[in-house]
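Encoded as structure tokens, the structure appears first; notes follow it.
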Amino acid sequence: MDDYILETTGLSKTYVMGDIQVHALRHVDLKIKRGNFIAIMGASGSGKTTFMNLLGCLDKPSAGSYVLDGVPVHEMNDAQLTSIRNQKIGYVFQNFYLLSRTTALENAELPLLYSRDCNLHQRREKAMKALETVGIADRAKHFPNQLSGGQQQRVAIARAIVNDPSFILADEPTGNLDTRTSIEVMAVFQELHAQGKTVVLVTHEHDIAQYAHRHITFRDGKIISDKENPNPRIAKDDLLTLPRLDHEEEE
């Protein structure tokens, strides 16, 4: 099996607005190994969001190639991209995007509804296992409005991993969370990484990026820095230095 789960070559994206061409991404070459924990950084307009959309098969490149888990994604049509998104990519977003009228368990099992290989019992079993993995199985029957922000994000992470995707793509997953809750969420990602998951984290927060093992920085549509982080911070250790808030103790 190829060591590289993601590989882009000359990946470019140009948006045409009338007579104006905006080169959002310019000839990006990148390889990501299986089991890596990557932080992608850059200021607004740097190209990191465009790159994330291409990695997540939410958009198509204007030029170049993108191979995901051995599959040439850049050659696929819309229907094929939809299948790839469901089968190979687990998404975690800043705003959680949970369905308000369904329980944590039902939210976690949503990606499985598109699988013909799972009946209701199997879906529930896999969803519960995913909730257990992120440490929130005891909230399985709770609705989103009965959960804290950190708990909602854990449900979102459970939903992202329930299909056992090739990699997890997290877009500013701590953007709406306080400091302690952000570190708790990063502890979940670090645990998933320890279990062998590939995690690609898009963030503008340098403190959050310190929990990743490799830092990639974009500017003007290009990668300007790609460095290993030999001593990533350990989220569980950082949590020990932070006082708990009253409302956290009640949860």
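The values are calculated or read from the model by the stated rules, or taken from the named source; none is laboratory data. Treat the numbers as computed from the prediction; the structure is a model and nothing was measured. Every residue, glycine as well, gets a Cβ built from its backbone with ideal geometry; the counts of neighbours run over all protein chains shown.
Taking residues in the stretch 53-77 that are in contact (Cβ under 8 Å) with a residue 40 or more places away in the chain and within 21 Å of Leu201 (Cα to Cα), and partners anywhere that are in a loop (DSSP other than H, G, I, E, B) and not charged (D, E, K, R), the pairs with Cβ atoms closer than 8 Å and at least 6 places apart or on different chains are Leu54/Pro61; Leu68/Cys57; Leu68/Ser166; Asp69/Ser166.
Can you name the residue in the stretch 2-33 that is more than 18 Å from Cys57 (Cα to Cα) and touching a residue at least 24 places away in the same chain (Cβ under 8 Å) and, of all such residues, is surrounded by the most Cβ atoms within 10 Å (Cβ to Cβ)? Per the criteria, the residue is His23.
Scanning the stretch 55-88 for residues that are touching a Pro at 6+ places or on another chain (Cβ under 7 Å) and either surrounded by fewer than 15 Cβ atoms within 10 Å (Cβ to Cβ) or modelled with pLDDT of 95 or more (or both) turns up just one, Ser65. Being in contact with a helix residue (DSSP H, G or I) (Cβ under 7 Å, 6 or more places away or on another chain), surrounded by fewer than 18 Cβ atoms within 10 Å (Cβ to Cβ) and at negative phi is a property that does not hold for Lys227. Only one entry in Leu147, Leu201, Leu177, Leu131 is surrounded by 16 or more Cβ atoms within 10 Å (Cβ to Cβ) and under 30 Å from Asp29 (Cβ atoms), namely Leu201.
For the stretch 26-61, residues that are aliphatic (A, V, I, L, M) and assigned to a strand (DSSP E or B) total 7.
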